[in-house]
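Below is one structure; the comments refer to it alone.
The values are calculated or read from the model by the stated rules, or taken from the named source; none is laboratory data. Not measured: the values here are computed from a predicted model. Here the Cβ is made from the backbone with ideal geometry for all residues, glycine too, and neighbour counts use every protein chain on show. Accessible surface areas use protein heavy atoms only, side chains included; no ligands, DNA or RNA. Shrake-Rupley method; radii C 1.70, N 1.55, O 1.52, S 1.80 Å.
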Amino acid sequence: MVTSDVTAVPGFLFLDHVAISVTPGELEAQVAAYKALGFTELHREDVLGGDQVREVLLQVGNGPNLVQLLEPLTPDSPVSKQLERNGGRGGLAHVALRVDDIHRAFDYMRANGFNVIDAAPRRGSRGTTVFFVHPKTTGSASFGYLLEIVQEGSGA
């Protein structure tokens, strides 16, 4: 049974980022648009492995919340597949929540019926540890979008 009390989930701290998929070749224009609004570019990385994306993280003011732009590097990238499902248009890729203990959050969510995609927390970009939760989980809970759980650092 999925609990409705977010305080019961161990270690949730705040909204880490909102990820937005962009079509191939549009990343720099998107970055420029956010910078024109006063956002600051904090990080840029090609994330390989199963993700196959180029990411740019932009900071909103001085707070901890970020916008993550994701451009697919290959047609096999999950972001490429998301763009196809979205009629070739960019849009919301996922929402990420920051936790202080990724393993406790992972164990809690699996034990409480969430449809966790990853077999275990794994390396994310910028030195983070992450796992993803499917938009459709078990029971009555459904996010309607992909959820990423993030811990700063290795999560060892």
Those residues that are of a type in the set (A, V, I, L, M), at pLDDT 95 or above and not in a helix (DSSP H, G or I), I need them from the stretch 9-30; list them, please.
-> Val18, Ala19, Ile20, Val22
Residues of the stretch 111-128 being over 18 Å from the mean Cα position of the chain (by Cα) and either closer than 17 Å to His17 by Cα or free of Cβ contacts under 8 Å to residues at least 60 places away in the same chain (or both), in sequence order, are Ala111
Could you please give the count of residues in the stretch 51-99 that are part of a strand (DSSP E or B) and of a type outside the set (S, T, N, Q)?
-> 21
What residue, among those in the stretch 31-50 that are assigned to a strand (DSSP E or B) and in contact (Cβ under 8 Å) with a residue 24 or more places away in the chain, is least open to solvent (accessible area, probe 1.4 Å)?
-> Val47
Is it the case that Val116 is of a type in the set (Val, Ile, Thr), out of contact with any Cys (no Cβ under 8 Å at 6 or more places or on another chain) and farther than 21 Å from Tyr34 by Cβ?
-> yes
Pair list, Cβ under 8 Å, 6 or more apart: the stretch 84-109 residue closer than 18 Å to Glu26 by Cα and open to solvent by 80 Å² or more (accessible area, probe 1.4 Å), other residue in a strand (DSSP E or B) and at pLDDT 95 or above = Leu92/Val18; Leu92/Ala19; Leu92/Ile20; Leu92/Ser21
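So that you can scan it fast, the table gives a plain yes or no per residue for (1) surrounded by 13 or more Cβ atoms within 10 Å (Cβ to Cβ); (2) of a type outside the set (D, E, K, R); (3) within 20 Å of Gly127 (Cα to Cα); (4) without any contact (Cβ under 8 Å) to a residue 60 or more places away in the chain:
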site: Phe12; (1), (2), (3), (4): yes, yes, yes, no
site: Asp16; (1), (2), (3), (4): yes, no, yes, no
site: Gln52; (1), (2), (3), (4): yes, yes, yes, yes
site: Leu58; (1), (2), (3), (4): yes, yes, yes, yes
site: Gln82; (1), (2), (3), (4): yes, yes, no, no
Within the stretch 60-80, of all residues that are under 21 Å from Gln151 (Cβ atoms) and among the β-branched types (Val, Ile, Thr), the one surrounded by the most Cβ atoms within 10 Å (Cβ to Cβ) is Val67
